[in-house]
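The values are calculated or read from the model by the stated rules, or taken from the named source; none is laboratory data. On a predicted model such as this, the values are computed, not experimentally measured, just so you know. Quick reminder, even Gly has a Cβ in these numbers, built from the backbone with ideal geometry, and neighbours come from all protein chains shown. Only protein heavy atoms, including side chains, enter the accessible area calculation; ligands, DNA and RNA are left aside. Shrake-Rupley method; radii C 1.70, N 1.55, O 1.52, S 1.80 Å.
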Amino acid sequence: MKTVHATRYITPLREGGSLPAVIEADDDGMYVIKFRGAGQGPKALIAELVVGRLAQALGLPMPDIVLVELDREFARTEPDPEIQDLIRASEGTNLGSDYLPGAINYDPAAMQPDAELASRIVWFDAYTSNVDRTARNPNLMVWHRKLYLIDHGAALYFHHDWENAGEACGKPFVLIKDHVLLPFASRIADADAALAPLLTDAVIDSIVAQIPDSWLQTEPAFADATAYRSAYASYLKRRLQLREAFVQEAIRAHAAYL
């Protein structure tokens, strides 16, 4: 994964609960940074990284994501004490995604995606247990008339209860009924046939291997970062094997709209 160093804090994005911000980096790019020191903690960044990289592996439209190294001295130029504290608490490795200037929030009344794309996104969000793709908070942006998936920090919510993660692998994702794109997702079975084979064990292992060690230090369920990564990989592989439950749940939920 590409790593950049933050050079300039531009503006906070206060609509986000974790107070993300637009920053400039040493590659002259602009990124939306998610801070490790925010209230959701490193698990939100793990979800952002893993789900974002899985989306990219499946060819879903995502802004590029990078690791962002942040120096605590970066806080000196920011007058807001709350932001200063957040920056200092986030020294080290954080997560960034390409800033899409001029992008607007997705409105289903203004743009109806084709059935194939809608179905693939619904399948993906059911696989990753993403609770944050509802009409109230779609976490979809439109940029140059194209949909982009953003903000996956609330996905993979199984990792807040590792004791029961094994049981969660085979559960349907009942909240898929609230998915903003579900009414357009008439090809979920086709999406399953197309996408599942792309997530090989090697692909999953390579994505999980990219989680920085510094994000894997606070979970008492695991002895070290290697064991922690292995648990993520095992869950994602097993959920894919048992995907019939979440696929059929999504198909039933879509049928309820007809």
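I'd like to check something: does the range 47-66 contain any residue that is over 21 Å from the mean Cα position of the chain (by Cα), surrounded by 14 or more Cβ atoms within 10 Å (Cβ to Cβ) and of a type in the set (Val, Ile, Thr)?
No: zero hits.
Give the residue, chosen from LEU182, LEU216, that is open to solvent by less than 70 Å² (accessible area, probe 1.4 Å), hydrophobic (A, V, I, L, M, F, W, C), over 18 Å from ASP125 (Cβ atoms) and under 19 Å from the mean Cα position of the chain (by Cα).
LEU216
Would you mind finding the one in GLU244, GLU249, GLU219 that is farther than 30 Å from SER119 by Cα and either among the acidic types (Asp, Glu) or touching a Phe, Trp or Tyr at 6+ places or on another chain (Cβ under 6 Å) (or both)?
GLU219
In the range 44-75, what count of residues is obtained for those that are assigned to a helix (DSSP H, G or I) and more than 22 Å from TYR232 (Cα to Cα)?
Result for the range 44-75: 4.
Do you know which residues across the range 129-144 are assigned to a loop (DSSP other than H, G, I, E, B) and surrounded by fewer than 22 Cβ atoms within 10 Å (Cβ to Cβ)?
Passing the criteria: SER129, VAL131, ASP132, ALA135, ARG136, ASN137, PRO138, ASN139, HIS144.
Which one of these is buried (at least 16 other Cβ atoms within 10 Å of the Cβ) and either in contact with a strand residue (DSSP E or B) (Cβ under 7 Å, 6 or more places away or on another chain) or not in a helix (DSSP H, G or I) (or both): LEU100, LEU86?
LEU100
Scan the range 145-187 residue by residue and report those that are in a helix (DSSP H, G or I), acidic (Asp, Glu) and over 28 Å from PRO113 (Cβ atoms).
Scanning the range 145-187 gives GLU163, GLU167.
Using the structure shown, decide if SER90 is of a type in the set (Ser, Thr, Tyr) and free of Cβ contacts under 8 Å to residues at least 60 places away in the same chain.
yes
Which pairs have Cβ atoms under 6 Å, sit 6 or more apart or on different chains, and link a residue in the range 157-169 that is within 14 Å of ARG239 (Cβ to Cβ) to one that is modelled with pLDDT of 95 or more and not in a helix (DSSP H, G or I)?
TYR157/SER129; CYS169/LEU242
Among the listed residues SER97, SER18, which satisfies the condition of being modelled with pLDDT under 90 and either among the hydroxyl-bearing types (Ser, Thr, Tyr) or under 23 Å from LYS146 (Cα atoms) (or both)?
Step by step, each of SER97, SER18 is checked, and only SER18 is modelled with pLDDT under 90 and either among the hydroxyl-bearing types (Ser, Thr, Tyr) or under 23 Å from LYS146 (Cα atoms) (or both).
Mind checking which residues of the range 242-252 are touching a residue at least 40 places away in the same chain (Cβ under 8 Å), open to solvent by 60 Å² or more (accessible area, probe 1.4 Å) and in a helix (DSSP H, G or I)?
If the condition is that a residue be touching a residue at least 40 places away in the same chain (Cβ under 8 Å), open to solvent by 60 Å² or more (accessible area, probe 1.4 Å) and in a helix (DSSP H, G or I), then GLN248 is the only one that fits.
Of the residues that sit in the range 142-160 and are of a type outside the set (Phe, Trp, Tyr) and over 14 Å from the mean Cα position of the chain (by Cα), which one is nearest to GLY52 (Cα to Cα)?
Here the answer is LEU147.
Scan the range 219-251 for residues that are under 24 Å from ARG120 (Cβ atoms) and of a type in the set (Phe, Trp, Tyr) and jot them down.
Correct list: TYR232, TYR235, PHE246.
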